[in-house]
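Data block below; observations after.
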Amino acid sequence: MERTLIIDTPKLIGETVKLAGWVNTRRDHGKLIFIDLRDRSGIIQTVIIPDKKNAHKTAKEIRSEYVIEIEGLVKERPKSATNEKAPMGGVEIEVEEIKILSKTEGDLPVDISEDDLNIHLETLLNNRSLTLRNEKVKTIFKIYSGLLDAYREFMKKEGFIEIKTPKILSSATEGGANFFKIKYFEKEAFLAQSPQFYKQAGVGVFERVFEVGTVFRAEPHFTTRHVNEYTSLDAEMGFINSMEDLMKQLEKTMDYMFKSVAKKYKEEIKKYDVKLSKVGIVPRIKLTEALDILEKEYGKKMEKVDIDPEGERLICEWAKKKYKSDFVFLTHYPTSVRPFYTMPSADPQYTESFDLLYNGVEIATGGQRIHDYNQLTENIKKHGLNPEEFKHYLDIFKYGMPPHGGWGLGSERILQRMLGLKSIKEAVLFPRDVKRITP
Ligand code: AMO
């Protein structure tokens with residue numbers, strides 16, 4: 001007999017089916033044994049009556065997370081007998097035969113059959129291959145898969161080509177100190193902090209490119225918004241008039257992603273008790289104005305160069321009140337806090353760059369780039385760097401480059417804010433932080 005997925009059982013009342021999956025729970029009621037079986041499509045209640053002697057004997061041995069195969073009759077279940085944890089379409093399986101495909105070893109460290117795990121983050125992450133099986137935890141990554149699909153779909157629709165760029169580099173891309181140095185045979189190399197240089201090279205070839213790729217950041221601190229390896233949704237586009245074209249493109253992209261997830265993952269989102277944000281038109285505020293607002297409205301004084309995490313949270317609160325938007329663009333960051341490749345504004349103290357904030361946290365950075373070879377060489381020097389070390393990057397600009405720009409969007413941060421997860425680490429399958437490189 002072919003295997004049936006649990007989700008298809010409600011259409012098969014009165015038929016005998018073969019199901020396979022994991023034991024979510026086993027409960028004994030007198031001589032009846034109930035097993036909630038879980039496969040990739042859902043959870044269903046199965047009943048083993050004592051008359052089915054072989055099945056009953058096997059069922060007695062069965063523990064949570066055993067992998068089993070059963071054959072049985074699909075039956076409608078009386079409404080009064082609804083099992084909240086295995087509600088599958090009001091049906092259950094009366095088991096005829098059970099086969100154990102694999103057993104567990106020792107005691108399980110966490111009971112993952114609970115609706116809400118309610119365990120410490122460390123326990124959640126230390127036992128990841130098990131805790132990920134919890135229905136609510138698993139849901140995060142189903143939605144994530146949909147979010148990535150939506151990004152790809154929209155970028156392709158808009159004429160962007162998907163590229164994959166190298167992650168082993170000869171120089172650090174983003175400057176700063178948060179890069180990992182690695183030994184590369186006899187040389188020293190760096191793990192990519194972003195696909196920045198290569199996506200720009202991509203513009204010289206395809207005009208519009210995007211990448212969904214792993215990047216690495218040596219973040220030495222523990223926060224709820226940083227991991228040391230994350231998936232960046234990058235884009236780069238040529239022939240722009242100004243950075244406004246980039247913000248419009250990013251706004252449309254986010255709008256598509258949020259609408260797509262809201263439409264396709266209704267049930268999954270319900271598990272998180274959140275209302276998905278509407279993107280629409282995102283307010284744009286100059287960073288200097290934002291800093292003034294923080295001072296006036298919240299009495300928060302900061303150096304007039306950059307905004308800190310508390311400032312980001314407050315300015316989002318302000319944008320929500322004033323514009324009813326969960327998103328806000330902060331624009332025109334000072335030259336001193338942006339990488340050397342960023343296009344200076346007419347007032348060269350500032351740059352044609354922006355951050356996108358969502359529900360209190362920066363989720364994207366973007367901007368127009370310098371596309372003139374000489375200007376770029378000079379800017380590298382102004383940033384105290386040696387143009388020799390960027391020879392191959394600079395070559396791109398020797399061969400003719402249109403005005404261009406793009407963004408890097410932190411995929412896990414979107415997911416975290418979207419579902420209201422406490423830490424970004426909950427939005428990563430196997431997260432890496434200062435202390436954690438296992439599991
Ligand atoms: P930036 O360094 O601001 O810009 O990174 C872009 C976005 O990546 C996410 N992000 C992170 N997410 C999780 N953990 C981290 N440690 C982490 N660091 C960054 C954030 C951030 O907004 N090349 C530029 C982008 C560009 O201009 O195209 C860049 O990498 O969501």
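Per residue of segment 355-360, in order, report the coupling 6.51 cos²θ - 1.76 cosθ + 1.60 (Karplus, θ = phi - 60°) as ³J(HN,Hα) in whole Hz, putting x for Gly and Pro.
Computed from phi, the couplings for segment 355-360 are 10, 10, 9, 9, 6, x Hz.
Give me the aspartates and glutamates in straight-line cross-link reach of Lys270: C-alpha distance below 18 Å, same-chain residues under 8 apart excluded.
Result set, ordered by chain and number: Glu84, Glu114, Asp115, Asp116, Glu135, Glu426.
Scan segment 325-379 for GluC sites (Glu not before Pro) in coil per DSSP, keeping those whose Cβ has at most 11 other Cβ atoms within 10 Å, and list them by number.
Listed in order of number, the matching sites amount to none.
Report the full-extension gain for the segment Glu207 to Phe141: residue separation times 0.36 nm, less the Cα-Cα distance, to one decimal in nm. Show your work: numbers first, answer last.
On the way: separation 66, 0.36 × 66 = 23.76 nm, distance 3.18 nm.
This chain segment gains 20.6 nm when fully extended.
Would you list, by chain and number, the lysines whose Cα falls below 17 Å from the Cα of Lys103, excluding same-chain residues fewer than 8 positions away?
The reachable lysines, counting only those whose Cα sits under 17 Å from Lys103, are Lys57, Lys60.
If the limit is 24 Å between Cα atoms, which of Lys167/Lys252; Lys252/Lys275; Lys199/Lys304 go over it?
In this structure, Lys167/Lys252; Lys199/Lys304 exceed 24 Å between Cα atoms.
Report ³J(HN,Hα) in whole Hz for each residue of segment 328-343, in order, from the Karplus equation J = 6.51 cos²θ - 1.76 cosθ + 1.60 where θ = phi - 60°; Gly and Pro get x.
Rounded to whole hertz, the list is 8, 8, 9, 10, 6, 6, x, 3, 5, 10, 10, x, 4, 7, 7, 5.
With the Cα gyration tensor of segment 149-239 giving a ≥ b ≥ c as the square roots of its eigenvalues, does the rule (a/c under 1.5 for rounded; else a/b larger than b/c for prolate; else oblate) give rounded, prolate or oblate? It would help to have the intermediate numbers written out before the result.
Numbers: a/c = 2.56, a/b = 1.51, b/c = 1.69.
Here segment 149-239 falls in the oblate category.
For helix 135-157, report the angle its Cα long axis makes with the longest principal axis of the Cα atoms of the chain; keep it between 0 and 90° and round to the nearest 10°.
Once rounded, the angle reads 40 degrees.
Normalised by the residues of the chain, what does the relative contact order come to in percent, with Cα pairs under 8 Å and at least six apart?
12 percent
My understanding is that a pair violates if its Cα-Cα distance is over 22 Å; which of Lys286/Lys321; Lys296/Lys321; Lys142/Lys248 do that in this structure?
Violating the 22 Å Cα-Cα cut-off are Lys142/Lys248.
Can you pull out the trypsin sites (Lys or Arg not before Pro) in segment 238-314 that DSSP calls coil and that have at most 14 other Cβ atoms within 10 Å? Could the numbers behind the result be given before it?
On the way: sites: Lys248, Lys252, Lys259, Lys263, Lys264, Lys266, Lys270, Lys271, Lys275, Lys278, Arg284, Lys286, Lys296, Lys300, Lys301, Lys304, Arg313; in loops: Lys271, Lys275, Lys278, Lys300, Lys301, Lys304.
When the trypsin sites (Lys or Arg not before Pro) of segment 238-314 are filtered for loop state and at most 14 Cβ neighbours within 10 Å, Lys275, Lys278, Lys301, Lys304 remain.
Roughly how many Å is it from the Cα centre of segment 403-431 to that of segment 1-52, as a whole number?
37 Å
So what is the 222 nm mean residue ellipticity for the chain from helices alone, if each DSSP H run of at least 4 adds -39500 (n - 2.57) and you divide by all residues, rounding to the nearest 500 deg cm²/dmol?
-9500 deg cm²/dmol
Residue by residue, what Karplus-based ³J(HN,Hα) values in Hz, rounded to whole numbers, does segment 240-245 have, using 6.51, -1.76 and 1.60 with θ = phi - 60° and x for Gly and Pro?
8, 8, 6, 5, 4, 4
Restricting attention to segment 171-261, which chymotrypsin sites (Phe, Trp or Tyr not before Pro) occupy a DSSP loop and are surrounded by at most 13 other Cβ atoms within 10 Å? Can you show the working numbers first?
Values: sites: Phe179, Phe180, Tyr184, Phe185, Phe190, Phe197, Tyr198, Phe206, Phe210, Phe216, Phe222, Tyr230, Phe239, Tyr256, Phe258; in loops: Phe179, Phe180, Phe185, Phe222, Phe239.
Filter output for segment 171-261: Phe185, Phe222, Phe239.
For Met1 and Glu295, calculate 0.36 nm times their separation in residues minus their Cα-Cα distance, and state this gained length in nm to one decimal.
Numbers: separation 294, 0.36 × 294 = 105.84 nm, distance 6.99 nm.
Length gained between Met1 and Glu295: 98.8 nm.
How far, in nm, would the chain grow between Lys156 and Glu76 when pulled straight, counting 0.36 nm per residue and subtracting the alpha carbon separation? Let's see the in-between values first.
Details: separation 80, 0.36 × 80 = 28.80 nm, distance 4.49 nm.
Full extension from Lys156 to Glu76 adds 24.3 nm.
Every read-out reported here was derived from the displayed coordinates using simple, explicitly stated rules and does not represent laboratory data. In this text the structure is predicted, and so the values were computed from the model without any measurement. Positions of Cβ are generated from backbone atoms using ideal geometry, with glycine treated the same way; all protein chains shown enter the neighbour counts.
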